[in-house]
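Okay, so here's the structure we're looking at.
The values are calculated or read from the model by the stated rules, or taken from the named source; none is laboratory data. All values derive from a computational prediction rather than experimental measurement. With ideal geometry, Cβ positions are generated from the backbone for all residues, glycine too; neighbour counts draw on all protein chains shown. The protein model used for the area step is the full one, side chains on, heavy atoms only, and it has no ligands, DNA or RNA in it. Shrake-Rupley method; radii C 1.70, N 1.55, O 1.52, S 1.80 Å.
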Amino acid sequence: MTQTLDNVLDVVAARRAEFENGRHVPREVIAEFKKAGIYRASAPRRFGGEPLPPAEFLRIIERISKVDGSAGWVASFGSSLIYLAALPLETQERLYADGPDVAFAGGLFPVQPAEPVAGGYRVSGHWKFASGCKGADVLGVGIKAGEDRAGRPRTALLRPEDVEIVENWDVIGMRGTGSHDLAVHGVTVPEEWTFVRGGTPTVDEPLYRYPAVPYAAQVLAVVGLGVARAALDQVITEGGRASYTGGPVAADRAAYRIAVGRAEARLRSARAFFYETTEEVWDTVLTGDPATDHQASLLRLASTTLAHESFAVVRAAYQLAGIRAIADGSPMQRYLRDASVVPQHAFLQEGLYDGAGAVLMGVDPFPGYL
């Protein structure tokens with residue numbers, strides 16, 4: 001995959017301005033992601049997929065995100081087929097009939113009521129934040145239907161031709177993710193094309209025993225890591241440049257060096273916690289045992305920490321960059337805007353620390369945390 005991934009990084013570097021201006025990653029770039037195996041990295045092996053261990057997939061997303069956060073965010077949904085492993089096996093066989101390189105995008109919230117009909121549900125409504133929807137092969141929307149004791153939403157799968165993409169992704173950061181709204185107008189979805197998000201998989205392979213919702217948080221948090229790495233590398237490189245005012249070179253100033261050193265330690269520490277926890281949980285899964293609630297919570301804690309620490313590092317880098325950072329041509333603007341989005345995601349907000357603390361102390365976390 002290395003050579004192909006290098007090609008992807010070259011494409012992303014050449015077209016990242018286009019992603020931002022056009023507000024989405026074009027379908028032909030998604031095709032390059034597919035060539036690199038990103039969209040078969042969570043497809044079941046029994047259906048031709050080449051599922052990757054989570055840490056390996058996360059490192060790929062980190063590398064892409066270092067080049068462009070929006071591209072990394074869209075590529076990260078190559079992990080989302082683990083959700084679809086909860087579909088009936090017959091449905092998955094049809095889903096992968098043309099191959100395992102399936103790009104899935106979903107706008108699950110706000111969950112909308114669906115009308116039960118013979119054999120399925122009649123779906124109508126409007127959903128937000130469907131990242132990557134313009135390049136997706138299949139789309140999911142959240143519906144209120146059936147019973148799930150954990151209160152998890154059911155997802156109805158639709159083909160792109162049955163969904164209206166409402167282009168309204170007007171945001172400060174991650175502009176290239178194309179996280180537009182979805183609208184559906186009275187489409188009947190068979191029962192077998194719905195599943196509970198994070199529900200019990202029908203596929204018995206190691207990746208589908210890895211905690212699904214924590215993994216969904218991980219693939220987003222690691223985008224912030226890649227962006228932060230790029231921002232910090234930028235100010236390290238610029239440290240040797242003379243200032244506009246003729247003052248000392250930044251690298252000759254103790255305050256600059258101290259700030260860079262602290263930021264480096266901060267980012268590497270959060271990264272180490274993140275990957276260490278990932279590997280520990282994966283080792284448990286490979287033995288055939290399910291991950292414990294404690295392990296799933298640590299994955300969520302590590303992801304939340306990574307998202308917030310990455311943003312803090314980018315803010316520090318932006319300040320270190322000085323007056324150069326305000327120029328339209330400076331990449332530091334994009335780093336700051338993109339990194340600010342990651343900890344705003346519902347999976348990564350500060351309130352997640354409450355759930356992690358509850359599990360650590362042996363009390364029940366808030367509903368939906370686990």
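Report the number of Lys pairs in the chain whose alpha-carbons are under 20 Å apart, with separation of 8 or more residues or on distinct chains. Taking the Cα cut-off of 20 Å, the pair count is 5. Of the two radii for segment 231-370, the radius of gyration is 1.11 times the Kirkwood radius, both from the alpha carbons; that is the Rg over Rh value.
The magnitude of the dipole of segment 151-251, with charges of +1 and -1 set on the Cβ of Lys/Arg and Asp/Glu and taken from the Cα centre, is near 480 debye. So, in Å, what gap is there between the alpha-carbon centers of segment 259-313 and segment 25-95? Here the two parts' Cα centres lie 21 Å apart.
At a probe size of 1.4 Å, how large is the accessible area of E115, to the nearest 10 Å²? Probe radius 1.4 Å; accessible area of E115 about 100 Å². Under a 5 Å amide H cut-off, with hydrogens placed 1.01 Å from N, V196 pairs with T155 among residues at least 5 apart or on other chains. Computed about the Cα centre, the dipole magnitude for the chain is approximately 1000 debye when only Lys and Arg (+1) and Asp and Glu (-1) carry charge, each at its Cβ. Couplings 3J(HN,Hα) for segment 184-192, derived from phi with the Karplus relation 6.51 cos²θ - 1.76 cosθ + 1.60 (θ = phi - 60°), are 10, 10, x, 9, 8, 10, x, 3, 6 Hz, where x marks Gly and Pro. Heavy-atom accessible area for E280, with the other protein chains in place and a 1.4 Å probe, reaches approximately 90 Å². Once the Cβ-Cβ distance of S124 and L89 is raised to the sixth power relative to R0 = 35 Å, the FRET efficiency obtained is 0.75. Among the helices of the chain, those built from whole DSSP H runs whose Cα atoms reach 27 Å or more along their own axis and whose mean Kyte-Doolittle hydropathy is at least 0.0 are 212-238, 293-321. With N the number of residues in segment 105-249, Rg(Cα) / (2.2 N^0.38 Å) evaluates to 1.44. The sum of -39500 (n - 2.57) across all DSSP H runs of n ≥ 4, divided by the residue count of the chain, sets its helix-only mean residue ellipticity at 222 nm to -15000 deg cm²/dmol. Comparing I38, A291, T305 along the charge dipole axis of the chain, the residue lying farthest to the positive side is T305, per the Cβ-charge model.
Each pair of Cα atoms in segment 247-318 enters the Kirkwood radius, and Stokes-Einstein at 37 °C and 0.692 mPa s then converts it into a translational diffusion coefficient of 233 µm²/s. Across segment 188-263, the volume of the C-alpha convex hull divided among the residues equals 157 Å³ per residue.
Once divided by 2.2 N^0.38 Å, the Cα radius of gyration of the chain becomes 1.01.
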